[in-house]
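The values are calculated or read from the model by the stated rules, or taken from the named source; none is laboratory data. In this text, all values refer to a predicted model and were calculated from it rather than measured experimentally. Cβ sites come from the backbone with ideal geometry, for glycine too, and all protein chains shown count toward neighbours. Just the protein is used for accessible areas: all its heavy atoms, side chains included, with ligands, DNA and RNA removed. Shrake-Rupley method; radii C 1.70, N 1.55, O 1.52, S 1.80 Å.
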Amino acid sequence: MGDEDWEAEIIKPRMSYYVPVFEKDRYSSGPNGDSFNKTPASSSDPGESNKRENTSTVGGFGIGKSFGNRGFPNNKFEEGDSSGSWRESNNDCEDNQTRNRRFSKRGGYQDGNDSEASGSSRRGGRGSFRGCRGGFGLGSSNSEYEQDEGTQRPGGLFGSRRSALSGTGNGDTYQSRSGSGSGRGGYKGLNEEVITGSGKNSWKSEAEGGESGDTQGPKVTYIPPPPPEDEDSIFAHYQTGINFDKYDTILVEVSGHDAPPAILTFEEANLCQTLNSNIAKAGYTKLTPVQKYSIPIILGGRDLMACAQTGSGKTAAFLLPILAHLMREGITASRFKELQEPECIIVAPTRELINQIYLEARKFSFGTCVRAVVTYGGTQFGHSIRQIVQGCNILCATPGRLMDIISKEKIGLRQVKYLVLDEADRMLDMGFGPEMKKLISCPGMPSKEQRQTLMFSATFPEEIQRLAGEFLKSNYLFVAVGQVGGACRDVQQTILQVGQYSKREKLVEILRNIGDERTMVFVETKKKADFIATFLCQEKISTTSIHGDREQREREQALGDFRCGKCPVLVATSVAARGLDIENVQHVINFDLPSTIDEYVHRIGRTGRCGNTGRAISFFDPESDNHLAQPLVKVLSDAQQDVPAWLEEIAFSTYVPGFSGSSRGNVFASVDTRKNFQGKSSLNTAGFSSSQAPNPVDDESWD
Ligand SMILES: Nc1ncnc2c1ncn2[C@@H]1O[C@H](COP(=O)(O)OP(=O)(O)OP(=O)(O)O)[C@@H](O)[C@H]1O
């Protein structure tokens, strides 16, 4: 099938869809499948943390050479693709970081509304939807709430076609499913994930429609399978890679007043015995830089904004000190109560990510009386409530579901001591920011002076840092491990110039070379994810897909099939770009480049984690990606990667004077933005204690 047939294939109902081959007991070996190495804990070597090694990971993968420019045949697909051929409604974007940007360089998308990673030019549509739901008074705002939480409400302005692809197991099995069911705007199809509520009230609609049935629409009935309870599964982990020790050579910058010194070993953290035992069982013998700095800061009661490269252990960096603190304070087992009052709330932008964080919280709190609970959209509301009322010290939630639960008065906020925003830049951008603001102004929520607020991400655009001031105490500390927003150096990055008509051919060529190694293929739209997954299956490449139009059950199954290696290729939209920690992902392919460089950094960070090496190949289409040339050159060179000459040329020819445009999400901040006001910060390497920033913070800039 030629490229020119794409659109036809996509919109015609005759398109073949397939269902995955379900594996019974897929979760029996743990959420991470059964391929973990159960690494015995080894003793920590504090001395190692002072090692200094060269971190250059530039490799010879034929960067920019072996695959040339394939030209841009002038056919139908080219005309249509970026300018509206993908006419599916823009109704997904669970983790659609880029949709919130204020401009779109993908000029063709202004009218099309289907992209999961859409540019802000599509925000108009979202604004309408928001208006319909009586949103948060930001004209720009978003349907993320519905989008993220799976509370698909009827009557939306986006009556999208529901994506029909259901994943695959063997590349041969196809089954037509109702392609006519609408997604967010109408009946979701099947019998699980559903549209609830009328969209009249973003706080209550899921609860009302999904559970109480106050509003029309079928209920969300999906109940995720419980994670395994056996200790081996709980502590299953993969091994750190050969570059793990090189983390110590990364420069760490701490800014703010009176930062406590970094710790070098877990022992120095003075954690309780159970926690230490859990850390050992998890195979952690040595702290990563973000952990060395964040743990004492959090234990010291300080607010924190921490930025560290993908896959470098940010989750444990906040979980461990929170748990330690709770234990030290003599937390008592939380009991069955209709209104639970958790001590800690953790929010993250996607369902799969928050579930992953929950599993980490469960792991580290194993054997303690601390009870972690997870709740996220696309699952039965009543199930969430039942989990919560049994006791809840740490609530892990996606934002929309959290607000629903609060509105149902199942969660009280008075006891909240810790508020954690993982992927904080995403949580504060125009997508989730209004939700977060609502959260901190909920009745009962302790003021920022009364709680500890912790923010973590690999990227922190300056504009978001400024917004964060509203959530953080003015004396918060900022930890930057390496370049803020920089890519992980353990990922070998290759940028290929590939026109859109050649992409599929090139993809197949690469995947055939890769063989069975686990590969994530990122595309820009949900529909395209379906299409490419279908196409790869036709090519006999076992592929599954994850995106926001898939039901939650399907998404979890896709992830499970990918994790366990049943489907070594996962085609994904931005919904899988952040945070997901999947063993053995050796390759990331950006079939479509994202709209922003931050998104690129997160996507390629699905490989090369925890000191392991990985490869990322990105198809750069000069017809649509030129705006990324400049930031890409920067990311590549900062990560000591080869920069193709042609890319430099494009970057030069598209040079934007005064380019520092983090406000548009295209360049990352290089520093704590407060430094504009305060002057200096301390500069350390990971193995050494931090000194303190000498100059006062201009508090007025932040409150
Ligand atoms: N000190 C440690 N020793 C060994 N393994 C660790 C350590 N800290 C974290 N890990 C492991 O490293 C992997 C990546 O950690 P994590 O998911 O927290 O990264 P992250 O920095 O949050 O990444 P992202 O930016 O993509 O969200 C996980 O499998 C985690 O269990």
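Listing for the model above:
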quantity	calculated
Computed magnitude of the charge dipole of region 309-434 (debye, nearest 20; Cβ of K, R +1, Cβ of D, E -1)	400
Per DSSP, loop GluC sites (Glu not before Pro) in region 351-429 with at most 15 further Cβ within 10 Å	GLU409
Region 244-322: C-alpha gyration tensor shape, a/c 1.5 cut-off, then a/b vs b/c	oblate
For region 493-605: rounded, prolate or oblate by the Cα gyration tensor [a/c cutoff 1.5]	rounded
Pairs beyond 20 Å (Cα-Cα), from LYS337/LYS408; LYS292/LYS314; LYS408/LYS473	LYS408/LYS473
Within region 225-352: Cβ-based charge dipole about Cα centre, in debye rounded to nearest 20 (Lys, Arg +1; Asp, Glu -1)	140
Cleavage-rule hits (chymotrypsin sites (Phe, Trp or Tyr not before Pro)) in region 288-366: DSSP loop, at most 16 neighbouring Cβ within 10 angstrom	PHE336
Neighbour net charge for GLN450 - beta-carbon separation under 13 angstrom, K R +1, D E -1	+2
Under-5 Å amide H pairs with GLN340, H placed in peptide plane, nonlocal only	ILE411, GLY412
Dipole moment magnitude, nearest 20 debye, region 362-489 about Cα centre, only Lys, Arg, Asp, Glu C-beta charged	560
Amide hydrogen neighbours beyond the local backbone of THR525, cut-off 5 Å, H modeled	GLU116
Net charge of Cβ neighbours under 9 Å - reference GLU583; Lys, Arg +1; Asp, Glu -1	+2
HN-Hα J in Hz across region 290-299 - Karplus 6.51, -1.76, 1.60, θ = phi - 60°, x for Gly and Pro	5, 6, 4, 8, 6, 4, x, 5, 6, 4
Cut-off 9 Å between beta-carbons: net charge of the residues surrounding PHE366, Lys and Arg +1, Asp and Glu -1	+2
Accessible-area order (highest first, 1.4 angstrom probe) of the listed residues ILE405, ILE440	ILE440, ILE405
3J(HN,Hα) from dihedral phi, region 352-369, Karplus parametrisation 6.51/-1.76/1.60, rounded to Hz, x for glycine, proline	5, 5, 5, 5, 5, 5, 4, 5, 5, 5, 5, 5, 6, 9, 4, x, 9, 8
Cβ-derived FRET efficiency at R0 51 Å, GLN538 paired with HIS383, nearest 0.05	0.85
Cut-off under 5 Å, modelled amide H: who pairs with ILE223 long-range	GLN380
Trypsin sites (Lys or Arg not before Pro) within region 320-378, DSSP loop, no more than 12 other Cβ atoms inside 10 Å	ARG335
